[in-house]
Protein chains: 2
Amino acid sequence: MSPPDALPSWNEGNTKRSIVEFVRRVTAHSGADFVAPSQRIAVFDNDGCLWAEQPMYFQLAFAIDRVKALAPQHPDWKTKEPFASLLKGDLNGSLAGGEHAAAEIVAASHAGMTTDEFQRTVREWTRRAHHPKLKRRYVELVYQPMLELLRYLRANGFKTFIVTGGGVEFVRTWAEEVYGIPPEQVVGSVGKQQFELRRTGPVLVRLPAVDFVDDKAGKPAGIQRFIGRRPLAAFGNSDGDLEMLQWTAAGEGARLMLLVHYTDARREWAYDRDSQVGKLDKALDEAHAKGWAVASMKDDWNTIFANPPRA
Amino acid sequence: MSPPDALPSWNEGNTKRSIVEFVRRVTAHSGADFVAPSQRIAVFDNDGCLWAEQPMYFQLAFAIDRVKALAPQHPDWKTKEPFASLLKGDLNGSLAGGEHAAAEIVAASHAGMTTDEFQRTVREWTRRAHHPKLKRRYVELVYQPMLELLRYLRANGFKTFIVTGGGVEFVRTWAEEVYGIPPEQVVGSVGKQQFELRRTGPVLVRLPAVDFVDDKAGKPAGIQRFIGRRPLAAFGNSDGDLEMLQWTAAGEGARLMLLVHYTDARREWAYDRDSQVGKLDKALDEAHAKGWAVASMKDDWNTIFANPPRA
């Protein structure tokens, strides 16, 4: 069905075998586990699963860059937290105010503009912004093995979705170009928006209020809300993905649940149970207990990052 | 490109011509209005646009039937409004309590069960329930000209979505069989849900609270939230669709906005500005002012209802 080298960045071994075996089972017309193409739904977490997430979620890097860019229009930020610390380069100090501080940064950087303006802003940022350590554009820090997996599943009739805790409009802006996933197949956290009829025409204005958080137990709810059917396959890397994998596993017939495990301090990062970002603890235990696939970055991937997309 | 008889239930005339001309413009590779297939998004209201909506929205008929079916388990409903009047067949009396009464009926009929149980309930209802006047199953009261339009647009590379004020999970249950529109292409009003890990596995429980109303200004917001890009074409029939058509019209290049106008008292119904259900007033004025297409049921459609779907 599929060429034998559809996943060349994956080393031969149990993980790759469990992927290929799952796809063979649900696509074999004569088999007991055959699933019609219209039902072949695969969901992928984004941060830490399709692209990197260290030393901080890239959307937070975007928010910080926005605050810096907007600072000249907000002279009061020089003395007002959480902006003052942030503008001095002291992220920890800025975020010391907890959720309220983070919410202020997100509101200042993500709200008060139309959806069209927000998309333009994100698009410009992805073209310019570089990762501080890896010195590449953020959208180049996507995982080659996962790109192959997306393509492999699509070649086998799957519809691929992103189910992210990140902002849905942030990810949608570049997901089609980078992953081949169209906007309508991105599920994520959602902010409130307001429809306004301006003299120039109707607009949707982004409000500084979160409407739906697509993380942890929010992921099955987000899947049900946006997609409306249970996935056959789910891919994650942190405890925030646990409920999504449980929800996927609870369906009948063949299912594939996979966690990306950060075990590669040399080429990327090594972290799991004690990490602030992308903490993987309970989900790792459950994967071991339930026999879900765990992709060890060090052992299962012979390539980490994809080639830069054509500019 | 398309066979000349792709819309046989539409009479020749301005309305049909505006549809065919629009499709020709956006699909002609050499033309200035060409749009890549991935961007060809068409959105359809459901109630009164794809299926009938008189004498009451069919989802309300479902809610009433559910209250009747559940009554034996709720003996207190015999003396408690809004249920008491409803069970005596007095719908107006039941709804005299206004929004609060309607909310109680919806909560009693739509909440307190898992998403799987709700889908089963809706599926059984669509198999059994019949329209009181037209004596056919509700899912048979879909419009043949609109089914042809859905197929015609899909044959020309469009992705067709429903954008309904009705409950997204209610419509998703049967939209694929009836319209060929998969669950993930249905946008609608959303209730709150709660993820629970039960001994038998994870479930999503429907809570008696509305989370998002996909009507009027909620329709552009719903389109942005679920689909993430502006439609090229939008189809509605009431003032609840006005903002969706405005939002669609505000995009660049060729666009198609169309209202179904109930002008056929003999074969279906005739109503517009004074109707409680499907009121069409401001949107009709704006359609005339802006030159949007208006499909007069009486003049533009030579067939109304589709043949019953294969059972």
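The values are calculated or read from the model by the stated rules, or taken from the named source; none is laboratory data. Note that the coordinates shown come from a computational prediction; the quantities given were computed from them, not determined experimentally. Neighbour counts run over all protein chains shown; Cβ positions are idealised from the backbone, glycine included. Note: areas computed on protein heavy atoms with side chains; ligands, DNA, RNA excluded. Shrake-Rupley method; radii C 1.70, N 1.55, O 1.52, S 1.80 Å.
Observations, loosely collected:
- The residues of region A:181-201 that are touching a Ser or Thr at 6+ places or on another chain (Cβ under 8 Å) and either more than 9 Å from every other protein chain (Cβ to nearest Cβ) or closer than 30 Å to residue B:120 by Cβ (or both), listed by number, are A:181, A:185, A:186, A:187, A:188, A:189.
- The single condition among (1) in a loop (DSSP other than H, G, I, E, B); (2) under 30 Å from residue A:192 (Cβ atoms) that residue A:132 does not meet is (2).
- Wholly within region A:1-108, helices (runs of 4 or more DSSP H) carrying at least 1 residues that are within 25 Å of residue A:122 (Cα to Cα), touching a Phe, Trp or Tyr at 6+ places or on another chain (Cβ under 6 Å) and not charged (D, E, K, R): A:58-70, A:83-87
- Filtered by the rule that a residue be touching a residue at least 60 places away in the same chain (Cβ under 8 Å), of a type in the set (S, T, N, Q) and surrounded by 15 or more Cβ atoms within 10 Å (Cβ to Cβ), region B:253-302 gives a lone residue, B:296.
- Among the residues of region A:160-173, not a single one is touching a strand residue (DSSP E or B) at 6+ places or on another chain (Cβ under 6 Å), closer than 25 Å to residue B:171 by Cα, within 12 Å of chain B (Cβ to nearest Cβ) and of a type in the set (Gly, Ala, Ser).
- Applying the criterion of being open to solvent by less than 20 Å² (accessible area, probe 1.4 Å) and touching a strand residue (DSSP E or B) at 6+ places or on another chain (Cβ under 8 Å) to the residues of region B:101-137, the residue that is nearest to residue B:177 (Cα to Cα) is B:126.
- Against the conditions (1) away from chain B (no Cβ under 12 Å); (2) closer than 22 Å to residue A:59 by Cβ, residue A:263 satisfies every one except (2).
- Positions within region B:227-249 being within 16 Å of the chain's Cα centre (by Cα) and facing another protein chain (nearest Cβ under 7 Å), in sequence order: B:243
- For beta carbons closer than 8 Å, sequence separation of 6+ or different chains, a first residue in region B:190-202 that is more than 16 Å from residue A:248 (Cα to Cα) and a second that is β-branched (Val, Ile, Thr) and open to solvent by 30 Å² or more (accessible area, probe 1.4 Å), the qualifying pairs are B:190/B:210; B:191/B:210; B:192/B:210.
- Taking (1) within 28 Å of residue B:212 (Cα to Cα); (2) away from chain A (no Cβ under 14 Å) in turn, residue B:128 satisfies each apart from (1).
- Pairs, first crowded, with 18+ Cβ neighbours inside 10 Å in region B:55-81, second among the acidic types (Asp, Glu), C-beta under 7 Å, six or more apart: B:57/B:47
- For region A:213-241, filtered to residues that are of a type in the set (A, V, I, L, M) and open to solvent by 20 Å² or more (accessible area, probe 1.4 Å), the residue that is farthest from residue B:211 (Cα to Cα) is A:217.
- Scanning region B:202-217 for residues that are at the interface with chain A (Cβ under 8 Å from one of its Cβ atoms) and under 23 Å from residue A:114 (Cβ atoms) gives B:212, B:217.
Residues are listed down the side, and each one gets a yes or a no for (1) out of contact with any strand residue (DSSP E or B) (no Cβ under 6 Å at 6 or more places or on another chain); (2) over 20 Å from residue B:195 (Cβ atoms); (3) in a helix (DSSP H, G or I):
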| position | (1), (2), (3) |
| --- | --- |
| A:246 | no, no, yes |
| A:261 | no, yes, no |
| A:267 | yes, yes, no |
| A:286 | yes, no, yes |
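- Residues that are within 16 Å of the chain's Cα centre (by Cα) and assigned to a helix (DSSP H, G or I), drawn from region B:213-225: B:218, B:219, B:220, B:222, B:223
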